[in-house]
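Visitor: Have a look at this one before I ask anything.
Values quoted throughout were computed directly from the atomic coordinates according to the rules given, and no laboratory measurement underlies them. These numbers come from a predicted model, not from an experiment. Cβ sites come from the backbone with ideal geometry, for glycine too, and all protein chains shown count toward neighbours.
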Amino acid sequence: MTPHQPRSPSNQAHFSSLLGERRRWPGLLVADYHLDDGRTGVQAIAQVREAAGSPIPGIIITADRSPEGLRLVRSSGFFLLNKPIRPAKLRALMSHILA
């Protein structure tokens, strides 16, 4: 796997299998806020961080502007981008985080 190869698990089982096969952890995690089975991207990133034993930075992408959702993302310490996302803005944020 190349250093910047994205992985996109389609469900919780696929996500768990990807965690189990990790030999090298990513430098950045990007997740949608609303995931399948009522989970959030905040929970998914927290799960990867726990498995890695490292505070891997995360970006949450969402169209949800509810006070509860915003509060959860802000309290997590992850970066937040609202949909629709402009590619240049995402690239700039990723470059800033990975610099």
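Visitor: Quick one: compute the contact order of the range 10-99, relative version, from alpha carbon pairs under 8 angstrom and 6+ residues apart, as a percent.
Guide: 26 percent
Visitor: Could you tell me the center-to-center distance, by alpha carbons, between the range 15-54 and the range 64-99 in angstrom?
Guide: A separation of 16 Å, based on Cα centres.
Visitor: Compute the signed sum of charges (Lys and Arg +1, Asp and Glu -1) over the other residues within less than 11 Å, Cβ to Cβ, of residue 13.
Guide: Here the count lands on -2.
Visitor: Counting Lys +1, Arg +1, Asp -1, Glu -1, what net charge surrounds residue 77 among other residues with beta carbon under 15 Å of its beta carbon?
Guide: Here the count lands on +2.
Visitor: In deg cm²/dmol, rounded to 500, what helix-only [θ] at 222 nm does the chain give when every DSSP H run of at least 4 residues adds -39500 (n - 2.57) and the total is split over its residues?
Guide: For the chain, the value works out to -13000 deg cm²/dmol.
Visitor: Assuming 0.36 nm per residue, please report the length gained on full extension of the stretch residue 10 to residue 80 beyond their Cα-Cα distance.
Guide: 23.1 nm
Visitor: Could you state the orientation-averaged shadow area of the convex hull built on the Cα atoms of the chain, in nm² to one decimal?
Guide: 6.6 nm²
Visitor: With each label point set 7 Å from Cα along the Cα-Cβ vector, what nm distance links residue 71 and residue 18?
Guide: Placing both labels 7 Å beyond Cα along the Cβ direction yields 3.0 nm.
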